[in-house]
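Values in this text are rule-based calculations from the coordinates and carry no lab data. If you're wondering where the values come from, they're calculated on a predicted model, not measured in any experiment. FYI the Cβ positions are ideal-geometry reconstructions off the backbone, even for glycines, and counts take in every protein chain you see.
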Amino acid sequence: MSRRLTRTPIGLLLSALALTLLAACKPPPAHACNPVAFDGAPYTVCAYDVATTDIRLFLTHPDGAPYAQFDRLRDTLQSDGYALAFAMNGGMYHDDRRAVGLYVEEGVPYAPLVKSAGPGNFGLLPNGVFWLDDAKAGVSETNSYATRFDAAPPRFASQSGPMLVIDGQLHPDFNENGPSKKRRNGVGISPDGKTLYFAISDTPVNFHSFASLFRDQLGTPNALYLDGVVSRLYAADIQRDEPGGDLGPIVAVIVDAP
């Protein structure tokens, strides 16, 4: 007759204690937003898993006016039982805060896709679209986006420009010695489509340097410029809430309120 070994209450207690100690020894999870130094310039980069993070675009408050400010969006989310974890300029906008190019929120297009060249950074082709749909996300050149979403729009989309990186190549009009240096923010996606990187320069940089950050440091084959000069960041995990003028589209990460 074989004897089965059984755990005594003390054995269970010791096992539980060991697991507790192991858990206590694990390093705390890394912040989503972290400082990154590249090519002599400081940046803040926020990385999010596409499948597990609630990333959305916001423009119009329920009262009909633009959110305009991160704090107003935060307060509205709190009243609905959510907390704002991250926010950044989500695309260019007109004086009345309407999006310059395509803007889709909750599957509803509020502005059409613009395919033609035009003035300013937005019209410096190729430009592109940042989109989110069913736990998937992408940064697509404008014509590629139009082909992919010909039948129906994604849940969220914001058109901006220029593209910073297109299939692993920097935008052809970027000059390494370009004299125009400004604060800039943008978004790129990992090769496997699983991670979104939002970056903001903490000092003025030119387009070539900013695009190189995405391609050479973050390894994103496609990245899109979202805005400049007015670029701002809200990041709860590093206690950063930058003030500034009223904004148009806002890209945000929301979580359940604690």
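Observations
- Dividing the mean sequence gap of close Cα pairs (under 8 Å, 6+ apart) by how many residues segment 125-179 holds gives a relative contact order of 40 percent.
- Put a plus charge on the Cβ of each Lys and Arg, a minus charge on the Cβ of each Asp and Glu, and nothing anywhere else: the dipole of the chain about its Cα centre is then about 900 debye.
- Backbone HN-Hα couplings from phi across segment 229-238 [Karplus 6.51/-1.76/1.60, Hz, Gly and Pro as x]: 6, 7, 4, 8, 9, 10, 9, 5, 6, 10
- Per-residue HN-Hα couplings for segment 74-83 [Karplus 6.51, -1.76, 1.60; θ = phi - 60°; Hz; x = Gly/Pro]: 4, 5, 5, 4, 4, 5, 9, x, 10, 10
- Signed unit charges on C-beta, dipole axis of the chain, positive-most listed residue ALA111, PRO221, GLN69: PRO221
- For segment 42-137, relative contact order (Cα pairs under 8 Å, six or more residues apart, normalised by length) works out to 21 percent.
- Between ASP173 and ALA135, the modelled label-to-label distance comes to 3.9 nm, taking each label 7 Å out from Cα in the direction of the beta carbon.
- Approximate spin-label separation THR203-ARG98, in nm, with each point projected 7 Å along Cα-to-Cβ: 4.0
- Under a Gaussian network description of the chain, with springs only between Cα atoms under 10 Å, the residue in GLU141, GLU106, GLU176 that fluctuates furthest is GLU176.
- HN-Hα J in Hz across segment 212-222 - Karplus 6.51, -1.76, 1.60, θ = phi - 60°, x for Gly and Pro: 5, 4, 5, 6, 8, 9, 8, x, 8, x, 9
- Listed candidates [x] 28.0; [y] 19.9; [z] 16.8 - label of the one calculated as mean projected area of the Cα convex hull in nm²: [y]
- Under-29-angstrom lysine pairs by C-alpha in the chain, whenever the two are 8 or more apart or on separate chains: 6
- Of the residues ASN127, GLN169, THR142, the one whose Cα sits farthest toward the positive end of the charge dipole of the chain, with +1 on the Cβ of Lys and Arg and -1 on the Cβ of Asp and Glu, is GLN169.
- Ranked by the mean number of other Cβ atoms within 10 Å per residue, highest first, peptides 75-81, 222-228, 108-114 order as 222-228, 108-114, 75-81.
- Near GLY168, once Lys and Arg are set to +1 and Asp and Glu to -1 for all other residues with Cβ below 15 Å from its Cβ, the sum equals -3.
- Across the chain, the mean sequence separation of Cα contacts (distance under 8 Å, 6 or more residues apart), normalised by length, yields a relative contact order of 28 percent.
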